[in-house]
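Everything on this sheet refers to the single structure shown next.
Each value in this text was obtained by applying a stated rule to the coordinates, not by laboratory testing. Source: prediction; values computed, not measured. Here the Cβ is made from the backbone with ideal geometry for all residues, glycine too, and neighbour counts use every protein chain on show.
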Amino acid sequence: MAGLKPFLSALGLALVVSAAPIHAAPNAQLVQSVENRLAVIGMRDVDVSGLSTSQIAALHLKLQGNYDSFLRRVRTQQEVKVILGWDS
């Protein structure tokens with residue numbers, strides 16, 4: 001039982017620390033990278049500055065790689081629309 005209190009304190013601190021970046025503004029370089037990659041797949045009309053940090057992070061991960069294939073580009077566009085909430 002004595003080891004439980006430090007564990008719970010460490011767990012609480014880890015939760016606070018891990019939640020902190022969610023509310024931080026996205027890095028300007030990351031935003032620019034997402035804008036550039038959206039342009040590559042033909043989605044220049046997305047206002048990245050109005051997106052949440054989690055949407056920008058999800059787009060950054062989704063837009064990795066190359067788009068040599070037309071089908072990959074179309075699939076990625078569809079997945080981006082889901083992230084943006086444009087799929088309905």
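Packing here is the average count of other Cβ atoms within 10 Å per residue, and on that basis the peptides 30-41, 70-81, highest first, run 30-41, 70-81. Rounded to the nearest 0.05, the FRET efficiency derived from the C-beta distance between residue 74 and residue 24 at R0 = 30 Å is 0.35.
Directionally averaged projected area (segment 24-84, Cα convex hull): 3.7 nm².
3J(HN,Hα) along segment 34-51: 5, 4, 5, 5, 5, 5, 4, 8, x, 10, 6, 7, 7, 8, 5, 5, x, 8 Hz, from the Karplus curve 6.51 cos²θ - 1.76 cosθ + 1.60 with θ = phi - 60°, whole Hz, x for Gly and Pro.
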